[in-house]
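Input: a single structure, listed below in structure tokens.
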Amino acid sequence: MKPAIQINGIHKSFGSLQALNGVDLTIAQGEFFALLGPNGAGKSTLISILAGLIKPSAGDISVMGFDVVNQYQQARQLLGVVPQELVFDPFFNVREMLRFQAGYFGRGPENDAWVDEILEGLGLADKAHVNMRKLSGGMKRRALIAQALAHKPPVIVLDEPTAGVDVELRQLMWGFIKKLNYEGHTIVLTTHYLEEAETLCSRVGMMKQGEIVALDSTANLLNKFAGKQLRLTLGNVDLPTNIHSLLRSQENGVYTFALNDMAQIELVLSSLRTAEIKVIDMQLNEADLEDVFMSLVGMSSGSRS
Amino acid sequence: MINNSNLIPNSFRGPWTLLKKELLRFWRVAFQTVAAPVITALLYLLIFSHALESHVHVYDGVPYTSFLVPGLIMMSVLQNAFANSSSSLIQSKVMGNLVFVLLTPLTHLQFFIAFLFAAIIRGLVVGLGIYLVAMWFVDIHVTNFWMVFAFALLGSALLGTFGIIAGIWADRFDQMAAFQNFIIMPLSFLSGVFYSIHSLPPFWQKLSQLNPFFYMIDGFRYGFFGKGDVSPLISLSIVGASFLVLAMITLKMLKSGYKLRA
């Protein structure tokens with residue numbers, strides 16, 4: 001089975017700015033994949049190249065085996081992209097826009113049942129005949145997602161779909177997207193909301209300065225990079241040097257240690273005991289993607305600068 | 001592959017949908033895109049014919065008001081064909097919704113054809129509107145329908161194509177306004193809409209012959225009166241060649257993704 005998305009050695013520079021610096025990534029069919037990274041990491045540039053909106057300086061991308069430059073018609077037919085900007089066409093209503101969008105992809109009246117399903121699934125059914133201009137921001141966002149789905153693409157890319165979207169819509173939207181994923185559609189999303197990626201996605205890629213700095217299943221990333229966090233309230237003390245490497249942060253006498261395995265708790269505690277430092281309070285926390293993200297982004301920016 | 005529901009082959013449905021959207025876009029605001037230019041042309045007709053009817057001599061046996069009508073029709077056809085493709089593109093670019101078309105499998109040729117035909121149809125609808133209203137006031141007959149049709153078609157195609165170039169090139173509304181005010185308006189007013197270039201001093205006659213609008217107006221007018229300032233076949237060749245050159249430039253721009261795909 002061809003991968004849903006295959007990215008090989010993608011470079012992109014805008015003048016002297018190197019936006020993408022050799023990105024390789026394979027996303028299998030049926031995956032729910034998250035692409036994370038701070039602003040300017042190159043996520044949107046990568047998606048724009050995938051969508052054919054930007055041309056790569058080097059490298060190639062294919063969608064279900066079709067090159068997005070040389071076989072762009074087949075590639076785009078299989079791809080639905082939700083743009084990040086909240087754009088709309090002020091001349092038409094929601095249903096007209098969806099019909100046009102499906103029509104551009106060669107789909108006609110036989111597609112109307114699917115359009116109804118999208119309208120229903122995204123809570124737009126009662127707005128179908130409302131002009132795009134008159135929709136609220138949240139409704140415009142739903143319409144934008146609906147437009148990307150209008151031709152029923154097997155590969156769906158959502159670029160920051162939940163930026164500025166309220167909780168109710170997020171739940172509705174993810175419910176519908178999860179259903180599509182369950183039915184076999186490949187979903188790729190970029191997001192700033194790490195908890196979203198953590199609960200929805202089976203695999204995560206993290207980008208930093210135009211490169212992928214981590215790529216693994218969500219579970220592995222959580223285990224490998226962050227493990228657990230030990231927060232000790234010690235007061236103002238001099239830490240033994242042998243546990244400095246585990247220290248993540250320190251604030252007002254509260255020291256946070258990042259632990260890769262549970263045996264390190266004993267190491268920290270015994271070192272403190274030897275140094276005759278008294279533990280006032282102790283907490284052990286599960287790490288989340290935010291910790292992974294911070295440790296990776298912090299780590300690589302430290303090694304670069 | 002034929003779709004049974006309405007017999008439009010699927011490979012045509014993409015460009016057909018884009019054309020339909022472009023047609024609806026101007027038809028939804030027909031008051032502004034069709035009625036307004038018809039009114040403007042009729043105002044020109046009323047004022048200029050009143051002021052100049054007894055002062056200006058053009059062709060023997062052709063009253064000035066009758067002479068004026070084909071020029072005004074053609075000027076409106078050209079201006080509206082340009083306005084249709086250029087304003088649609090600049091609006092979609094500024095609003096950002098052009099991305100909906102750029103994400104589709106439509107080829108650059110299909111994109112061009114859809115915008116071109118929408119511009120032609122807008123131009124022809126406006127031209128027909130002016131003709132239908134003017135024929136109530138002015139004694140005017142088409143003597144060579146095919147000549148009228150050929151110039152209206154090629155002229156609106158030429159300006160529709162030029163509008164696509166302007167729409168792709170311009171990034172802001174003021175740049176588009178500059179196109180309108182510094183290129184389209186002077187070329188259309190100095191093309192012999194309101195006079196026969198034979199009435200001009202030799203230098204201005206020569207200069208007028210460098211203006212492609214002159215050939216479109218003159219050839220179109222030939223279809224009404226059977227006479228013009230130059231041979232209609234020369235005009236047709238110049239207009240046709242200009243269209244082909246602009247169409248090739250436009251297709252090259254679209255294929256390269258100039259200003260549309262970074």
Taking only the alpha carbons of the protein assembly as shown, what extent do you get along each of the three principal axes, in Å, biggest first?
-> 118, 53, 39
Can you pull the one-decimal nm distance between simple spin-label points at residue A:282 and residue B:30, each 7 Å off the Cα toward Cβ?
-> 8.2 nm
Between residue B:94 and residue B:55, what length comes free when the chain is fully extended (0.36 nm per residue of separation minus the Cα-Cα distance, one decimal in nm)?
-> 9.3 nm
Simple label model, 7 Å out from Cα along Cβ direction - residue A:251 to residue A:219, nm = 3.2 nm
Roughly what % antiparallel, to the nearest 5, for the DSSP beta bridges in chain A?
-> 70 percent
The farthest towards the positive end of the charge dipole of segment B:18-256, of the residues B:101, B:187, B:39, given +1 on Cβ of Lys and Arg and -1 on Cβ of Asp and Glu, is B:101
Beyond 20 Å between alpha-carbons counts as too far, so tell me which of A:55/B:20; A:12/B:259; A:127/B:93; B:21/B:93 fall in that bin.
-> A:55/B:20; A:127/B:93
Sorted by Cβ density within 10 Å, fewest first, the residues A:120, A:266, A:96 | A:266, A:120, A:96
Distance between Cα centroids, segment A:170-199 to segment B:197-262: provide it in whole Å.
-> 55 Å
Looking only at A:50, A:86, A:158, which one moves most when chain A is put into a Gaussian network model with springs between Cα atoms under 10 Å?
-> A:86
What does the average come to when, for each residue of peptide A:103-114, you count the partner chain Cβ atoms lying within 10 Å of its Cβ?
-> 6
Share antiparallel - DSSP beta bridges, the protein assembly as shown, percent rounded to 5 | 70 percent
At most 13 other Cβ atoms within 10 Å and a DSSP loop assignment: could you name the trypsin sites (Lys or Arg not before Pro) in segment A:227-284 that fit?
-> A:278
Got a sec? How would A:185, B:57, A:244, A:11 order by Cβ neighbour count within 10 Å, fewest to most?
-> A:244, B:57, A:11, A:185
Can you grab the distance from the C-alpha centre of segment B:168-193 to the C-alpha centre of segment A:6-28, Å, no decimals?
-> 41 Å
Protection-proxy order for peptides A:134-143, B:24-33, each taking the mean of Cβ atoms within 10 Å per residue, highest first = A:134-143, B:24-33
Which value, in debye to the nearest 20, gives the size of the charge dipole of chain A about its Cα centre, when Lys and Arg are +1 and Asp and Glu are -1 at the Cβ?
-> 660 debye
Would you please state which residues of segment A:38-72 a label at residue B:108 would reach in this model, taking the label point 7 Å out along Cα→Cβ and a backbone N cut-off of under 19 Å?
-> A:49-58, A:67-72
Hey, rough spin-label estimate for residue A:202 and residue A:58, points 7 angstrom out along Cα→Cβ, what's it come to in nanometres?
-> 3.4 nm
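Could you please rank A:23, B:230, A:94, placing first whichever residue has the fewest other Cβ atoms within 10 Å of its Cβ?
Details: A:23 23, B:230 15, A:94 27.
Final ranking by Cβ density, sparse to dense: B:230, A:23, A:94.
Could you work out the percent of alpha carbon pairs in segment B:59-208 separated by over 20 Å, rounded to a whole number? Mind dumping the intermediate values first?
Working: 6199 of 11175 pairs.
Summing the P(r) tail past 20 Å for segment B:59-208 gives 55 percent.
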Report Rg(Cα)/(2.2 N^0.38 Å) for segment B:185-254, keeping two decimals.
-> 1.19
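Every number here is computed from the coordinates shown, using simple stated rules; none is lab data. All figures in this text were calculated on a predicted structure; none of them were measured in a lab. Because the Cβ atoms are built from the backbone with ideal geometry, glycine has one as well, and the counts that use them run over all protein chains shown.
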